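Chemist: The structure is given below, and queries will be raised subsequently.
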Amino acid sequence: MTLFLRSKQTHLYYAGLSRWVEKPREAVGFQTVEDALLLRHEQRLQQMELVIQHGAPSFKEVVLPIGAKTWGTSRWDGF
């Protein structure tokens, strides 16, 4: 299972500083939700969603919206 950050507006996946791609296999993959939320906070990424993909062919992706106020934003406000 791999997690990706995707723009709600463009549906492009985060692939690094100022880099966005169409295919998740070219994007930055995260192992935990916490890692994805931390990067989103550090990079000040807005209008994002978390996409969960699994390697099994029968598994469809799961898309979770990330709101303006999430666990990640309040947890790391002091950093």
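Chemist: Please find, within segment 1-25, the residue that is nearest to residue 67 (Cα to Cα) out of those that are assigned to a loop (DSSP other than H, G, I, E, B) and charged (D, E, K, R).
Modeler: Per the stated criteria, the residue is 8.
Chemist: Okay, next question. What single numbered condition from (1) in contact with a helix residue (DSSP H, G or I) (Cβ under 8 Å, 6 or more places away or on another chain); (2) surrounded by fewer than 16 Cβ atoms within 10 Å (Cβ to Cβ); (3) part of a loop (DSSP other than H, G, I, E, B) fails to hold for residue 28?
Modeler: Looking at each condition in turn, residue 28 falls short on (2).
Chemist: I would also like to ask the following. Of all residues in segment 37-56, count the ones that are part of a strand (DSSP E or B) and either over 10 Å from the mean Cα position of the chain (by Cα) or not aliphatic (A, V, I, L, M) (or both).
Modeler: Adding up the residues that qualify gives 2.
Chemist: Which one is surrounded by the most Cβ atoms within 10 Å (Cβ to Cβ), of the residues in segment 47-64 that are more than 17 Å from residue 15 (Cβ to Cβ) and at pLDDT 90 or above?
Modeler: Step by step, filter segment 47-64, then rank; the result is 52.
The values are calculated or read from the model by the stated rules, or taken from the named source; none is laboratory data. Values in this document were obtained by computation on a predicted structure and should not be read as measured data. Ideal geometry is used to build each Cβ from the backbone, glycine not excepted, and the neighbour counts take in all protein chains shown.
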